[in-house]
């Protein structure tokens, strides 16, 4: 009973783990209320609508990340005039969009939104576009688990699509160099940010499929804001991933970053480094598997050798028992037994036994002589057959073999004509001749 009772802290921790796993990144719209900003610089407030209220905290470190307002952090639009900082947008009564993760504040036992980004409601068009496109692609089956394929184990031919100068390729290749049994990685460089990035990514995916060389396609880039990652939310990229005949492994951004390309890919990695971990096992694991296979092979070899030796011993015994030598030995043993019986028999029967023994010996010798004679006759017949089969034998008996000048055998008079050269082969040589007349028979 006591094992099933949780402490308050244990229950709170389980709730926190479930909430953080279920909502690693979420956008929430609501009206700001109860806004406070103590000396620590952190901001605490509530988001509410007609039916509910959500506690929020925006830590100072996250505020500093988005303090620059010379461009829109979602769309990348550069402003001609500076815009209000997000901290200025946040005020009681304002309707805003907040992005972040759901967590639990254990001391108060309440769940809250840990805010990463705050925008005025009018700046959320990109987020709404993401959700709308996600619904459309989901309806088309882009995210269906049934169509997703497994990754090759310890891949040997990998097509890597990413920026040639980003941190993502460095992290991926550094880890790849320490894992697996060796692979050929072909880089298909592409922009991973900006207006032209989506087109280049889709074209790279198409080129890899046309070449049909790779076992797997790896699509990676480092973390960033929603607008930085937006090329991976473009329909052209999602469609290219969906249409790929080669399995696609996507590792875009950090663990909390989820793009449409990630959702469409056969397998999603949390980071570029995680993508390398999914593709190749640690080399220590491969070494252990090799040792286990080597030990298993030696065991199988020992078993096979032992079985072969057992069969060899059995068959050797069978051969010894059935061999002529063994048969003669048994006959000799029988003769010894008979001689012993004869020696102990009545004197009157010794002569009969001796005669019978002599007769048996004579019969045995006769049987052996007849067998040898049959073998000799058979050998003579075979020798005669070989001699008769010799194509040169008829020539020695006076026959001749007529050939054309090219070496072909003349079987008919119609095969030659007057004036043609022929060769007549005899038993002891050849004659060169010229046909003067042809008389078909």
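Structural remarks
- Residue match in the stretch 128-144 (condition: under 30 Å from residue 36 (Cβ atoms), out of contact with any helix residue (DSSP H, G or I) (no Cβ under 6 Å at 6 or more places or on another chain) and modelled with pLDDT under 90): yes
- Residue count, the stretch 44-62 (criterion: closer than 15 Å to residue 105 by Cβ and assigned to a strand (DSSP E or B)): 9
- Unmet requirement for residue 436, which otherwise passes all of (1) out of contact with any strand residue (DSSP E or B) (no Cβ under 8 Å at 6 or more places or on another chain); (2) at pLDDT below 85: (2)
- Among the strands (runs of 3 or more DSSP E) confined to the stretch 395-441, the ones with at least 3 residues that are surrounded by 12 or more Cβ atoms within 10 Å (Cβ to Cβ), free of Cβ contacts under 8 Å to residues at least 24 places away in the same chain and out of contact with any helix residue (DSSP H, G or I) (no Cβ under 9 Å at 6 or more places or on another chain) are located at 421-426.
- So residue 40, is it part of a loop (DSSP other than H, G, I, E, B) and modelled with pLDDT of 85 or more: yes
- Taking the criterion of being in contact with a helix residue (DSSP H, G or I) (Cβ under 7 Å, 6 or more places away or on another chain) and either under 23 Å from residue 254 (Cβ atoms) or in contact (Cβ under 8 Å) with a residue 40 or more places away in the chain (or both), the residues of the stretch 203-215 that qualify are 205, 214.
The values are calculated or read from the model by the stated rules, or taken from the named source; none is laboratory data. Note that the coordinates shown come from a computational prediction; the quantities given were computed from them, not determined experimentally. Virtual Cβ from ideal backbone geometry, glycine too; neighbours counted across all protein chains shown.
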